[in-house]
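The values are calculated or read from the model by the stated rules, or taken from the named source; none is laboratory data. Here the structure is a predicted model, which means the values were calculated and not measured. Here the Cβ is made from the backbone with ideal geometry for all residues, glycine too, and neighbour counts use every protein chain on show. Surface accessibility is based on the protein's heavy atoms, side chains included, excluding ligands, DNA and RNA. Shrake-Rupley method; radii C 1.70, N 1.55, O 1.52, S 1.80 Å.
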Amino acid sequence: MPFSKIQPGFLKAGDKVSIISPSFCIDKQKIYDAADYLEKWGLKVVTGKNAMNRMGPFAGTDDERLADIQEATDNPDIKAVFCSRGGYGLLRIIDRIDFSALSRSPKWYVGFSDITVLHLWLNEMESVVSLHADMPLHYNDPAKNRKNFTTLKNALFGVEYSIEWNGLFHREAEATGEITGGNLSVLISTMGTPAEPETTGKILFLEDTGEYIYHLDRMLTTLKLAGKLKDLSALVLGGFDNIIDTKVPWGRSLEEMILDIVKEYNYPVFFNFPAGHVDDNRAFYIGRRAVIKTHKKKVCLSFL
């Protein structure tokens with residue numbers, strides 16, 4: 001069986017999709033530009049009525065943001081839900097979203113960063129595959145690798161693809177398993193909640209941005225103490241950009257720190273996966289099985 005979780009149907013021209021803002025606020029023009037971008041794919045785009053609201057850093061109140069994601073979830077005509085950006089906010093409303101409609105009409109939820117909360121909730125509570133991918137905030141950013149959006153379209157429309165990259169890896173071995181994870185800081189916020197990820201036998205993906213290196217050490221050590229790093233199929237590290245050193249220099253690279261934390265385990269560890277808060281942020285499925293293979297200095301992830 002290719003999928004152990006519910007796989008939403010792939011998109012086709014003419015499908016209706018929604019752009020919502022469940023976390024931080026976003027400039028209106030970014031929404032308009034993203035809608036135009038998706039319409040060029042043949043999709044019909046609707047925008048959540050609160051998607052351009054502002055209340056402090058948020059895209060409206062908790063109730064307003066909740067209303068938009070609930071409406072998109074309940075509407076069987078909506079085949080994909082694009083979260084306009086990350087920031088913070090989903091954790092405040094995630095337990096109030098009624099996902100019961102997904103049992104009748106599963107759909108794609110797309111995003112990364114703060115959207116990790118949604119991916120993990122869908123993965124653990126609803127057994128629905130979702131898509132870790134760049135968001136409308138970035139669709140027209142010339143600094144972004146265009147492969148971000150090629151892989152996004154391929155993933156949504158069911159075009160087979162794989163992700164290849166040059167990267168360091170520890171222990172050359174083939175790894176197979178469901179992919180889980182996302183932003184490390186956000187993942188840590190789900191510990192002890194219904195969205196806390198089950199990692200046994202899985203490929204765990206992690207990325208982060210703008211953190212002190214000792215914060216990363218603390219969060220990874222927390223995962224280890226919680227048993228989340230023990231029985232993985234593989235550990236995959238994406239972008240870790242703008243990492244801040246301590247006043248007294250940490251004295252080890254990020255790679256050295258991570259390998260020290262997982263040194264007692266036998267699974268492979270892959271670095272520099274092209275995803276996260278980096279310009280090369282390719283789309284991949286959360287909750288779908290994948291296989292990772294290495295050849296010399298190249299690594300390839302493909303979906304099963």
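Which residue is most open to solvent (accessible area, probe 1.4 Å), if the candidates are limited to region 209-238 and must be over 23 Å from Ala175 (Cα atoms) and part of a strand (DSSP E or B)?
Tyr212
Within region 174-195, which residues are surrounded by 15 or more Cβ atoms within 10 Å (Cβ to Cβ), in contact (Cβ under 8 Å) with a residue 60 or more places away in the chain and not hydroxyl-bearing (Ser, Thr, Tyr)?
Ala175, Gly177, Glu178, Ile179, Gly181, Gly182, Asn183, Val186, Leu187, Ala195
For (1) among the acidic types (Asp, Glu); (2) open to solvent by less than 50 Å² (accessible area, probe 1.4 Å), each residue gets a yes or a no:
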site	(1), (2)
Ile26	no, yes
Gln29	no, no
Ala34	no, yes
Glu39	yes, no
Leu43	no, yes
Val46	no, no
Asn50	no, yes
Arg54	no, no
Gly60	no, yes
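Out of all the residues in region 225-239, is one or more at pLDDT 95 or above, touching a helix residue (DSSP H, G or I) at 6+ places or on another chain (Cβ under 7 Å) and over 17 Å from Ser185 (Cα atoms)?
So in region 225-239, the residues at pLDDT 95 or above come out as 225-239.
Checking which are touching a helix residue (DSSP H, G or I) at 6+ places or on another chain (Cβ under 7 Å) leaves us with 229, 237.
Going one step further and asking which of them are over 17 Å from Ser185 (Cα atoms), we end up with none.
Among the residues of region 225-239, not one is at pLDDT 95 or above, touching a helix residue (DSSP H, G or I) at 6+ places or on another chain (Cβ under 7 Å) and over 17 Å from Ser185 (Cα atoms), which makes the answer no.
Would region 59-66 turn up any residue that is without any contact (Cβ under 8 Å) to a residue 40 or more places away in the chain, out of contact with any His (no Cβ under 8 Å at 6 or more places or on another chain) and among the β-branched types (Val, Ile, Thr)?
Scanning region 59-66 turns up at least one residue that is without any contact (Cβ under 8 Å) to a residue 40 or more places away in the chain, out of contact with any His (no Cβ under 8 Å at 6 or more places or on another chain) and among the β-branched types (Val, Ile, Thr).
Any idea which residue in region 281-304 is nearest to Tyr214 (Cα to Cα), counting only those that are assigned to a loop (DSSP other than H, G, I, E, B) and open to solvent by 40 Å² or more (accessible area, probe 1.4 Å)? Before you say what the answer is, go through the steps one by one.
At the first step, the residues of region 281-304 found to be assigned to a loop (DSSP other than H, G, I, E, B) are 281-283, 287-288, 296-297, 304.
Narrowing further to those that are open to solvent by 40 Å² or more (accessible area, probe 1.4 Å): 296-297, 304.
Values: Lys296: 32, Lys297: 29, Leu304: 36 Å.
Of everything passing the filter in region 281-304, Lys297 is nearest to Tyr214 (Cα to Cα).
Quickly run through region 141-161 and pick out the residues that are within 20 Å of Phe303 (Cβ to Cβ) and surrounded by 15 or more Cβ atoms within 10 Å (Cβ to Cβ).
Restricting attention to region 141-161, the residues satisfying the condition of being within 20 Å of Phe303 (Cβ to Cβ) are 145, 147-161.
Asn145, Lys147, Asn148, Phe149, Thr151, Leu152, Lys153, Asn154, Ala155, Leu156, Phe157, Tyr161 - these are the residues of region 141-161 that are within 20 Å of Phe303 (Cβ to Cβ) and surrounded by 15 or more Cβ atoms within 10 Å (Cβ to Cβ).
Looking at Ala290, is it within 22 Å of the chain's Cα centre (by Cα), in contact (Cβ under 8 Å) with a residue 40 or more places away in the chain and over 18 Å from Asn166 (Cβ atoms)?
Numbers: within 22 Å of the chain's Cα centre (by Cα): yes; in contact (Cβ under 8 Å) with a residue 40 or more places away in the chain: yes; over 18 Å from Asn166 (Cβ atoms): yes.
Against the criterion (within 22 Å of the chain's Cα centre (by Cα), in contact (Cβ under 8 Å) with a residue 40 or more places away in the chain and over 18 Å from Asn166 (Cβ atoms)), Ala290 qualifies.
Quick one: count up the residues across region 173-191 that are assigned to a loop (DSSP other than H, G, I, E, B) and either among the acidic types (Asp, Glu) or out of contact with any strand residue (DSSP E or B) (no Cβ under 8 Å at 6 or more places or on another chain) (or both). Reasoning before the result, please.
We begin by selecting, within region 173-191, every residue assigned to a loop (DSSP other than H, G, I, E, B); these are 173-174, 190-191.
In the following step, the residues that additionally are either among the acidic types (Asp, Glu) or out of contact with any strand residue (DSSP E or B) (no Cβ under 8 Å at 6 or more places or on another chain) (or both) were identified as 174, 190-191.
Selection size over region 173-191: 3.
Tell me yes or no: at least one residue of region 240-252 is in a strand (DSSP E or B), open to solvent by 30 Å² or more (accessible area, probe 1.4 Å), within 27 Å of Pro136 (Cβ to Cβ) and among the hydrophobic types (A, V, I, L, M, F, W, C). Even if it seems obvious, please write down each step before you answer.
We begin by selecting, within region 240-252, every residue in a strand (DSSP E or B); these are 240-241, 244.
If we keep only those that are open to solvent by 30 Å² or more (accessible area, probe 1.4 Å) too, we end up with 240-241, 244.
When the remaining residues are screened for being within 27 Å of Pro136 (Cβ to Cβ), the result is 240-241.
Then keep just the ones that are among the hydrophobic types (A, V, I, L, M, F, W, C); that gives 240.
Yes; the residues of region 240-252 include at least one that is in a strand (DSSP E or B), open to solvent by 30 Å² or more (accessible area, probe 1.4 Å), within 27 Å of Pro136 (Cβ to Cβ) and among the hydrophobic types (A, V, I, L, M, F, W, C).
Within the bounds of region 92-101, is there any residue that is touching a strand residue (DSSP E or B) at 6+ places or on another chain (Cβ under 6 Å) and either modelled with pLDDT of 95 or more or basic (Lys, Arg) (or both)? Even if it seems obvious, please write down each step before you answer.
Of all residues in region 92-101, those touching a strand residue (DSSP E or B) at 6+ places or on another chain (Cβ under 6 Å) come to none.
Checked against the condition, which is being touching a strand residue (DSSP E or B) at 6+ places or on another chain (Cβ under 6 Å) and either modelled with pLDDT of 95 or more or basic (Lys, Arg) (or both), region 92-101 yields no hits at all.
Scanning for something of a type in the set (Asp, Glu), assigned to a loop (DSSP other than H, G, I, E, B) and either touching a Gly at 6+ places or on another chain (Cβ under 6 Å) or modelled with pLDDT of 95 or more (or both), does region 9-32 turn up at least one residue? Outline the logic, then answer.
So the first thing to find is which residues in region 9-32 are of a type in the set (Asp, Glu), and the list is 15, 27.
Then drop every residue that is not assigned to a loop (DSSP other than H, G, I, E, B), which leaves 15, 27.
Adding the requirement that they be either touching a Gly at 6+ places or on another chain (Cβ under 6 Å) or modelled with pLDDT of 95 or more (or both) leaves 15, 27.
Within region 9-32, one or more residues are of a type in the set (Asp, Glu), assigned to a loop (DSSP other than H, G, I, E, B) and either touching a Gly at 6+ places or on another chain (Cβ under 6 Å) or modelled with pLDDT of 95 or more (or both).
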